[in-house]
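Right, one structure below, let's go through it.
The values are calculated or read from the model by the stated rules, or taken from the named source; none is laboratory data. Computed from a predicted model, the values in this text were never measured in an experiment. We place every Cβ from the backbone using ideal geometry, glycine too, and count neighbours over all the protein chains shown. Ligands, DNA and RNA are stripped out before the accessible areas are found, and what is left, the full protein with its side chains, is counted by its heavy atoms. Shrake-Rupley method; radii C 1.70, N 1.55, O 1.52, S 1.80 Å.
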Amino acid sequence: MAFSKDVLKKGMKDGIPIGLGYFAVSFSLGVYASNVGVTALQGFIASLFTLASAGEYAGFREIGLKATYLEMFLVILVANCRYFLMSSVLSQRLDEKTNVINRLAMAIFVTDEIFGTSIRQTDRLKPEYTYGLAISSVLPWAIGTALGITVGNILPVIAVSALSVALYGMFLAIIIPPSRKSKIVLLSVLVSFALSYIASVVPYLRSMNSGVKVFLLTVIISTAFALIFPIKDDDLKVDDTNNEVTL
């Protein structure tokens, strides 16, 4: 499959807002990492290869608790299990000519925001687009963590807290446009918000690992909406001339 510079550039352009949001959030993550004894270089490398805020926070917490490698592995695996679902969804949007190496490489960069941006594309998902998103977002995430470790404790707490909110605003920018176009999408978003809030206040669910809660809610809500509002094969049209997918 021929490499497309235009698709790569589009991914890099679309990834700029993600990178800015990642930089802000990883900065506050770096502040926490510094409190458990992680150096700037260690934090940079950890963020460069982990690419998961909840999973990385869990890993840093395990470092602070002086946990074993096995315990750290299991905790991060549970915290990041929702990415199995996201990868499964994205695999159905890939160009059929995408080889195994590219599929495995693309899986490394599956995050909440990259998934949200990728799933909105009307064309078949190509490796170049994912790599473009990663180029614009991975380095800011790693650099932000290192800076947070280096100078984070110098900044006022209110400034660090403000930075940590930036990513949520960017995520809203991803889900609002499709919600305005589809009442079903809007309903699923509202149901997700409601059930997420309930899960945060119900005694047993409140103490559950956040990664597990996201995973369970994703399975329950997506399954329910797939059964209630199924998309028939006749409603899914693929234009073979440009690989465009439409509903």
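Miscellaneous remarks
- Checking Val36 against (1) in contact with a Pro (Cβ under 9 Å, 6 or more places away or on another chain); (2) surrounded by fewer than 23 Cβ atoms within 10 Å (Cβ to Cβ), the condition it does not meet: (1)
- Flag for Tyr83 being at pLDDT 85 or above, part of a helix (DSSP H, G or I) and over 14 Å from Pro127 (Cβ atoms): yes
- Yes/no for Glu96 being farther than 21 Å from Tyr131 by Cβ and of a type in the set (Asp, Glu): no
Here's the yes/no breakdown for (1) of a type in the set (S, T, N, Q); (2) modelled with pLDDT under 75; (3) under 23 Å from Met12 (Cα atoms):
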residue: Thr145; (1), (2), (3): yes, no, yes
residue: Val151; (1), (2), (3): no, no, no
residue: Pro156; (1), (2), (3): no, yes, no
residue: Tyr168; (1), (2), (3): no, yes, yes
residue: Ile175; (1), (2), (3): no, no, yes
residue: Arg180; (1), (2), (3): no, no, no
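- Cβ pairs under 6 Å, 6+ apart, first in the stretch 124-142 and among the aliphatic types (A, V, I, L, M), second open to solvent by 10 Å² or more (accessible area, probe 1.4 Å): Leu125/Arg93; Leu125/Leu94; Ala134/Phe109; Ile135/Met12; Ala142/Phe44; Ala142/Leu48
- Subset of the stretch 121-140 that is assigned to a helix (DSSP H, G or I) and among the polar types (S, T, N, Q) - its residue that is surrounded by the most Cβ atoms within 10 Å (Cβ to Cβ): Ser137
- All positions within the stretch 45-77 that are in a helix (DSSP H, G or I) and open to solvent by 60 Å² or more (accessible area, probe 1.4 Å): Ile45, Phe49, Tyr57, Arg61, Ile63, Tyr69, Leu70, Glu71, Phe73, Leu74, Leu77
- Leu29 open to solvent by less than 60 Å² (accessible area, probe 1.4 Å), touching a Leu at 6+ places or on another chain (Cβ under 9 Å), in a helix (DSSP H, G or I) and among the aliphatic types (A, V, I, L, M): no
- Taken over the stretch 78-89, residues that are open to solvent by 40 Å² or more (accessible area, probe 1.4 Å) and closer than 22 Å to Gln42 by Cα amount to 0.
- Residues satisfying the stated conditions in the stretch 95-120, i.e. within 18 Å of the chain's Cα centre (by Cα), surrounded by fewer than 17 Cβ atoms within 10 Å (Cβ to Cβ) and not in a helix (DSSP H, G or I): Arg120
For (1) more than 27 Å from Val219 (Cα to Cα); (2) of a type in the set (Ser, Thr, Tyr), each residue gets a yes or a no:
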{"residue": "Met86", "(1), (2)": "no, no"}
{"residue": "Arg93", "(1), (2)": "no, no"}
{"residue": "Thr98", "(1), (2)": "no, yes"}
{"residue": "Asn102", "(1), (2)": "no, no"}
{"residue": "Ala105", "(1), (2)": "no, no"}
{"residue": "Leu125", "(1), (2)": "no, no"}
{"residue": "Glu128", "(1), (2)": "yes, no"}
